[in-house]
1. Mind checking whether some residue in region B:28-35 is under 16 Å from B:Pro78 (Cβ atoms) and either surrounded by fewer than 17 Cβ atoms within 10 Å (Cβ to Cβ) or not polar (S, T, N, Q) (or both)?
2. Scanning for something at the interface with chain A (Cβ under 10 Å from one of its Cβ atoms) and touching a residue at least 40 places away in the same chain (Cβ under 8 Å), does region B:40-50 turn up at least one residue?
3. Residue check: is A:Phe179 free of Cβ contacts under 8 Å to residues at least 40 places away in the same chain and not hydroxyl-bearing (Ser, Thr, Tyr)?
4. Select the strands (runs of 3 or more DSSP E) contained entirely in region A:1-108, then report the ones holding at least 2 residues which are at pLDDT below 95, in contact with a strand residue (DSSP E or B) (Cβ under 8 Å, 6 or more places away or on another chain) and over 25 Å from A:Asp139 (Cα atoms).
5. Regarding region B:17-24, can at least one residue be identified that is more than 9 Å from every other protein chain (Cβ to nearest Cβ) and surrounded by fewer than 18 Cβ atoms within 10 Å (Cβ to Cβ)?
6. Kindly list, by first and then second residue, each pair from a residue in region B:56-76 that is closer than 30 Å to A:Glu48 by Cβ and facing chain A (nearest Cβ under 10 Å) to a residue that is surrounded by 13 or more Cβ atoms within 10 Å (Cβ to Cβ) and of a type in the set (S, T, N, Q), limited to pairs with Cβ atoms under 7 Å and residues at least 6 apart or on different chains.
7. Checking the condition away from chain B (no Cβ under 14 Å), crowded, with 18+ Cβ neighbours inside 10 Å and of a type in the set (A, V, I, L, M), which residue from A:Ala67, A:Ala36, A:Ala41 passes?
8. Can you tell me which residue in region A:155-205 is surrounded by the fewest Cβ atoms within 10 Å (Cβ to Cβ), limited to those that are in contact with a helix residue (DSSP H, G or I) (Cβ under 7 Å, 6 or more places away or on another chain) and of a type in the set (Gly, Ala, Ser)?
Amino acid sequence: VCSDNATSGHRSFAAGATKSEPPDDNAAFGEFSRVAHFAMAARRGMHEFQTGPEMWKEIALNQRKWANLNPDGAFYKNPLTDDDYFNADWVVEPFRLYDCCIMSDEGRACIVTSKERARDLKSPLVTIMGLGEANSSVDIHQSSSMTSPISAQRAGAMAFDMAGITANDVDACEICYCFTSTVEITHRDYGFFKPGEGQDWFANGRTAPGSEIPVSTSGGLFSDSYCMSLTPVTEGVMQLRGVVALASWGATWGQRRRTLSFV
Amino acid sequence: VTKWIAASGRGKIYTFAVYHVAFHDAFKNSLPYVTAVVELDEGSRILSTITGCDIGDIRCDMPVEVIWRTAPGGFVLPDFTPATVDT
């Protein structure tokens, strides 16, 4: 279960940017907010892998295209253009507004039970094929490299191994992230492409509706809702059951009923 | 293991971020400004700020050196500025 009232209430990890009290000693240099931590990691990625706003724009626009199809999401029929992306204000450079996830008030829940019990229920069975978990340090300033594989690589390897598949077998991804650059590195570290290849991988709407590999089909945490990992997990389950509202989603990939990747 | 060393005050910019919005009133008159992770020649990294140059000229791996700044309240802080001599 995840419920959140970030819009009307308070979120602890956003406090650095929304409360006037300095969070730690680094504030003496003007450092505030998690956005800044990820912005610095993204900047190093730009330096090492020639990634950057051109690719991140693709990620933001493709997710918005999915959101435009989702009547329950925050940006139904509300498109995002290249100009919208590049003309938006900086949050902490190199992140502009649409590189960042939204905040929302909502709750979501997912029930996990045995296959035997699930088969007796009304809804179609959605099976968890594999699981993995890994955690890296949250103190990004002291990490030995801000661009080396994140814990998604270890967690992903565990889950793929348990499921007996590789990234090549995955038909669609419903992932959890906070910024466009983390969508990039999460897919990289799951093994969808190698460091430095992200620009090509995300090009030409590859993750958009009607595309080769749908990513964040509700609009995700940028354009549907920010309900932590429950946004992607519940969307994935609904897609696999075929219960989401729009037939166009099913025609796109939901009817294939194959393999889905959650983060 | 933690130990004290005498650092040269020289290093290079590992990465940086540019603030165009002040998240605290104390920085309203400093916009835009930069925070950076500086990798010292001795190997340690330190969170600091970069001053004394155009923000558009700042790059990762750029050589920098310390300049000491007395902040309001009397705190002395290690800022960094582009190096006068390559390190």
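1. Among the residues of region B:28-35, at least one is under 16 Å from B:Pro78 (Cβ atoms) and either surrounded by fewer than 17 Cβ atoms within 10 Å (Cβ to Cβ) or not polar (S, T, N, Q) (or both), which makes the answer yes.
2. For region B:40-50, residues at the interface with chain A (Cβ under 10 Å from one of its Cβ atoms) and touching a residue at least 40 places away in the same chain (Cβ under 8 Å): absent.
3. Numbers: free of Cβ contacts under 8 Å to residues at least 40 places away in the same chain: no; not hydroxyl-bearing (Ser, Thr, Tyr): yes.
No.
4. Details: elements: A:2-5, A:90-92, A:105-108.
Because the criterion is at least 2 residues that are at pLDDT below 95, in contact with a strand residue (DSSP E or B) (Cβ under 8 Å, 6 or more places away or on another chain) and over 25 Å from A:Asp139 (Cα atoms), the strands (runs of 3 or more DSSP E) in region A:1-108 that meet it are A:2-5, A:105-108.
5. No: region B:17-24 contains no residue that is more than 9 Å from every other protein chain (Cβ to nearest Cβ) and surrounded by fewer than 18 Cβ atoms within 10 Å (Cβ to Cβ).
6. Partner pairs satisfying both residue conditions: B:Cys60/B:Thr15.
7. The unique qualifying residue is A:Ala67.
8. A:Ala203
The values are calculated or read from the model by the stated rules, or taken from the named source; none is laboratory data. The shown structure was predicted, so the numbers you read here are calculated from the model rather than taken from an experiment. Every residue, glycine as well, gets a Cβ built from its backbone with ideal geometry; the counts of neighbours run over all protein chains shown.
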